[in-house]
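**Student:** This structure is in structure tokens; I'll ask about it shortly.
The values are calculated or read from the model by the stated rules, or taken from the named source; none is laboratory data. Predicted model only: the values in this text are computed from it and were never measured. All Cβ positions, glycine included, derive from the backbone under ideal geometry; neighbour counts span all protein chains shown. Keep in mind that these areas ignore ligands, DNA and RNA; they rest on the heavy atoms of the full protein, side chains included. Shrake-Rupley method; radii C 1.70, N 1.55, O 1.52, S 1.80 Å.
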Amino acid sequence: MSLDREDIDKLCVLARLKITDEEMADVGSKLSDIVELVDELQAVDTASVIPMAHPLDREQRLRPDAVTETDDHERIQKNAPQVEKALYLVPKVIE
Amino acid sequence: MHDKTLAQLSDDLAARRVSSVELTEHYLQRIDQHDKELNSFITITRESALEQAAAADKRIKAGETSPLTGIPIAHKDIFCTDNVKTTCGSKMLDNFVSPYDATVVARLAEAGAVMLGKTNMDEFAMGSSNETSYYGVVRNPWDKEKVPGGSSGGSAAAVAARIACAATGTDTGGSIRQPAALSGITGFKPTYGRVSRYGMIAFASSLDQAGTLTQTAEDGAILLQAMAGDDERDSTALPDPVPDYGAAMRSPWEKISIGVPENFFDDGLDDASAVAIREGLAIFEKLGATIKDVRLEHIHLSVPVYYVVAPAEASSNLARFDGVRFGHRAEDVDDLTEFYMRTRGEGFGSEVKRRILTGTYVLSAGYFDAYYLQAQKVRQLISDDFERAFSDVDVLVGPTTPTPAFGIGQKMDDPIQMYLNDIYTIGANLAGLPGVSIPCGFSGGLPVGMQLVGKQLNEAELFKAAYYFQQETDWHEQVPAGYE
């Protein structure tokens, strides 16, 4: 199956990913090649197979829901592009 | 000094024939001399390396040594390192200074290893040639017009050129074994969960596993010994005790049974590589191994399965790069959706974008069952094939890659050709099995790697087979011209 411009625009919004006009043609053709590659899976009979989500057949371990880490926001927020009063700044979310 | 293995240098340090400071200065000087050309490092941590070396010398003096005390190593730049830039090969993290150490980094530091720096890699580990790095291509020390493989390409090139004694790497679809093969060194990927993923920047969480790039299997065993084991910070880390790999490796040879996946020798395999692998198998036969043909019925589907599962997991993992808490941020945008889109559009390179979009596609409404669920089912079939094979044999042996190192730029325009490079390695990731690539010859002057795949948690047996093979051969001792 090949992907057209409209399909890719929709994926870009879902993935929150800007593709420039110059990148678009290349992304379209290569993505279609990849979809063609993975389409090979459609021919396999898997009617009785249980999907494998994880390579190891183990129980996921749990831990008590207790606070173990101390507040270290100053150090951690050194990496934040924009911070004010220990809060992360983002463009306006609610009008 | 740099011609010695980790094990040999470890003996030299313990016997005080050399100090860690001398050794570290020597490797730093070699990096200065060779790495402008190779580009295997993104960050060199000169000052902290010399501090760690001085501390290691004190420990050695006090008699508190482990085999890694004072050994200069390099970390793939996918591992978070406290107070050191950690980029994952991406513009997105060009300004990221990690506030903590990955468990792998912390454990190796505790064992006394010295960190020389952080190695170059494909962006977010997505690539098989190291060409998708924001920090430029890495050159293969055997032929500087060729790629070193990827995604752990910087680690592989640095160890091959003997500008680092050993290095860490990660392997999601072959990213340790493939560059090890193309660069003529030993690359070990443990069982999924054997090494903690805490602080290892996530690509595909059900496949990612940390491992080692070294000159020899013996060196890999020393490094893995310190890395492996349970970690309360990674709920998928395996609680099983870590055996003494060194002791197991040197234990007397027992008759093992080797399975050769016959379909790995089909049309796609380079002729001279096939000859080298067959000669490698003859060495095992001489050692007393039984060789049997096995068939992995669904293995040809491992590339399509991988290119559904890995991008799906990646599209979810990479959602965290949003320009808010860390990393690149687009400027002068008022609308929130546009802000995310531009931040990510500017911060990610083209291969990463392709994978995120592929993952978004296979997970999107209407396609989920046909692609993602179907891929998980075929993944089970591939895993069942391995289990069936291992009911009859102890180890599987075959090629690591279809060809030796290819030219820089040769496959960049054709992602499918690039993806097919991992055709022999992906299966072990899908099934969570340990695997190792060891040098076994040359094709057109370039190294050829032989891959051994073992049963889950049977690292010791793989180390032993590789160790005995390296006692009989000297392929792993070959050093590229100009780096002797």
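**Student:** Report the residue count in region A:62-82 for those that are outside any loop (DSSP other than H, G, I, E, B) and within 9 Å of chain B (Cβ to nearest Cβ).
**Tutor:** Total meeting the criteria: 5.
**Student:** Can you name the number of the only condition in (1) open to solvent by 100 Å² or more (accessible area, probe 1.4 Å); (2) among the small types (Gly, Ala, Ser); (3) within 7 Å of chain B (Cβ to nearest Cβ) that A:Ala15 fails?
**Tutor:** (1)
**Student:** Something else: Report, by residue number, each residue of region B:314-326 that is open to solvent by less than 10 Å² (accessible area, probe 1.4 Å) and more than 19 Å from B:Ser205 (Cβ to Cβ).
**Tutor:** B:Gly323 - this is the single residue of region B:314-326 that is open to solvent by less than 10 Å² (accessible area, probe 1.4 Å) and more than 19 Å from B:Ser205 (Cβ to Cβ).
**Student:** Within region B:262-278, identify whether any single residue is in contact with an Asp or Glu (Cβ under 8 Å, 6 or more places away or on another chain) and open to solvent by 20 Å² or more (accessible area, probe 1.4 Å), and answer yes or no.
**Tutor:** Yes: one or more hits.
**Student:** I'd like the full set of residues that are facing another protein chain (nearest Cβ under 8 Å) and either surrounded by 13 or more Cβ atoms within 10 Å (Cβ to Cβ) or assigned to a loop (DSSP other than H, G, I, E, B) (or both), limited to region A:40-53.
**Tutor:** A:Glu40, A:Leu41, A:Val44, A:Thr46, A:Val49, A:Ile50, A:Pro51, A:Met52, A:Ala53
**Student:** I would also like to ask the following. Among B:Ala202, B:Ala210, which is the only one that is within 24 Å of B:Phe326 (Cβ to Cβ) and surrounded by fewer than 24 Cβ atoms within 10 Å (Cβ to Cβ)?
**Tutor:** Exactly one residue qualifies, and that residue is B:Ala202.
**Student:** Within region B:77-95, can you find the residues that are part of a loop (DSSP other than H, G, I, E, B), open to solvent by less than 20 Å² (accessible area, probe 1.4 Å) and more than 10 Å from B:Gly347 (Cβ to Cβ)?
**Tutor:** Matches in region B:77-95: B:Asp77, B:Ile78, B:Cys80, B:Thr86, B:Thr87, B:Cys88, B:Gly89.
**Student:** Please give the number of the condition B:Pro252 fails out of (1) under 27 Å from the mean Cα position of the chain (by Cα); (2) surrounded by fewer than 24 Cβ atoms within 10 Å (Cβ to Cβ); (3) assigned to a loop (DSSP other than H, G, I, E, B).
**Tutor:** (1)
**Student:** May I ask you to say which residue of B:Thr337, B:Thr343 is surrounded by fewer than 18 Cβ atoms within 10 Å (Cβ to Cβ), under 17 Å from A:Leu11 (Cα atoms) and not charged (D, E, K, R)?
**Tutor:** Step by step, each of B:Thr337, B:Thr343 is checked, and only B:Thr337 is surrounded by fewer than 18 Cβ atoms within 10 Å (Cβ to Cβ), under 17 Å from A:Leu11 (Cα atoms) and not charged (D, E, K, R).
**Student:** Would you confirm whether any residue within region A:65-80 is more than 24 Å from the chain's Cα centre (by Cα), open to solvent by less than 70 Å² (accessible area, probe 1.4 Å) and free of Cβ contacts under 8 Å to residues at least 12 places away in the same chain?
**Tutor:** Scanning region A:65-80 turns up at least one residue that is more than 24 Å from the chain's Cα centre (by Cα), open to solvent by less than 70 Å² (accessible area, probe 1.4 Å) and free of Cβ contacts under 8 Å to residues at least 12 places away in the same chain.
**Student:** State yes or no: is B:Ile291 open to solvent by less than 10 Å² (accessible area, probe 1.4 Å), more than 8 Å from every other protein chain (Cβ to nearest Cβ) and not hydroxyl-bearing (Ser, Thr, Tyr)?
**Tutor:** No: the conditions fail for B:Ile291.
**Student:** Please go through region B:124-165 and give me each residue that is open to solvent by 10 Å² or more (accessible area, probe 1.4 Å) and assigned to a helix (DSSP H, G or I), ordered by number.
**Tutor:** Of everything in region B:124-165, nothing turns out to be open to solvent by 10 Å² or more (accessible area, probe 1.4 Å) and assigned to a helix (DSSP H, G or I).
**Student:** Could you give every pair whose Cβ atoms fall below 7 Å, whose first residue belongs to region B:1-17 and is assigned to a loop (DSSP other than H, G, I, E, B), and whose second residue is of a type in the set (Lys, Arg), counting only separations of at least 6 or pairs across chains?
**Tutor:** From region B:1-17, the pairs are B:His2/B:Arg30; B:His2/B:Arg162; B:Asp3/B:Arg162.
**Student:** So B:Pro311 passes all but one of these: (1) surrounded by 22 or more Cβ atoms within 10 Å (Cβ to Cβ); (2) in contact with an Asp or Glu (Cβ under 8 Å, 6 or more places away or on another chain); (3) within 14 Å of chain A (Cβ to nearest Cβ). Which condition number does it fail?
**Tutor:** With (1) surrounded by 22 or more Cβ atoms within 10 Å (Cβ to Cβ); (2) in contact with an Asp or Glu (Cβ under 8 Å, 6 or more places away or on another chain); (3) within 14 Å of chain A (Cβ to nearest Cβ) applied to B:Pro311, the lone miss is (2).
**Student:** Let me ask something else about it. Does A:Leu56 count as within 25 Å of B:Asp414 (Cβ to Cβ) and either surrounded by 11 or more Cβ atoms within 10 Å (Cβ to Cβ) or at pLDDT 95 or above (or both)?
**Tutor:** In short, no.
**Student:** Can I ask one more? What helices (runs of 4 or more DSSP H), lying completely within region B:324-412, carry at least 3 residues that are at the interface with chain A (Cβ under 9 Å from one of its Cβ atoms) and within 26 Å of the chain's Cα centre (by Cα)?
**Tutor:** Because the criterion is at least 3 residues that are at the interface with chain A (Cβ under 9 Å from one of its Cβ atoms) and within 26 Å of the chain's Cα centre (by Cα), the helices (runs of 4 or more DSSP H) in region B:324-412 that meet it are B:350-363, B:374-390.
**Student:** So, one more: Just to check your reading of the model, which residue among A:Leu62, A:Leu3, A:Leu37 is open to solvent by less than 70 Å² (accessible area, probe 1.4 Å), in contact with a Ser or Thr (Cβ under 9 Å, 6 or more places away or on another chain) and of a type in the set (A, V, I, L, M, F, W, C)?
**Tutor:** Among A:Leu62, A:Leu3, A:Leu37, only A:Leu3 is open to solvent by less than 70 Å² (accessible area, probe 1.4 Å), in contact with a Ser or Thr (Cβ under 9 Å, 6 or more places away or on another chain) and of a type in the set (A, V, I, L, M, F, W, C).
**Student:** Okay, next question. Return the pairs, sorted by first residue and then second, in which the second residue is open to solvent by 70 Å² or more (accessible area, probe 1.4 Å) and in a helix (DSSP H, G or I), the first residue lies in region A:1-23 and is among the small types (Gly, Ala, Ser), the beta carbons are less than 8 Å apart, and the residues are 6+ apart or on different chains.
**Tutor:** Listed by first residue and then by second, the contacts come to A:Ser2/A:Glu36.
**Student:** Kindly provide the set of residues from region B:53-62 that are open to solvent by 60 Å² or more (accessible area, probe 1.4 Å) and of a type outside the set (Lys, Arg), ordered by number.
**Tutor:** B:Ala62
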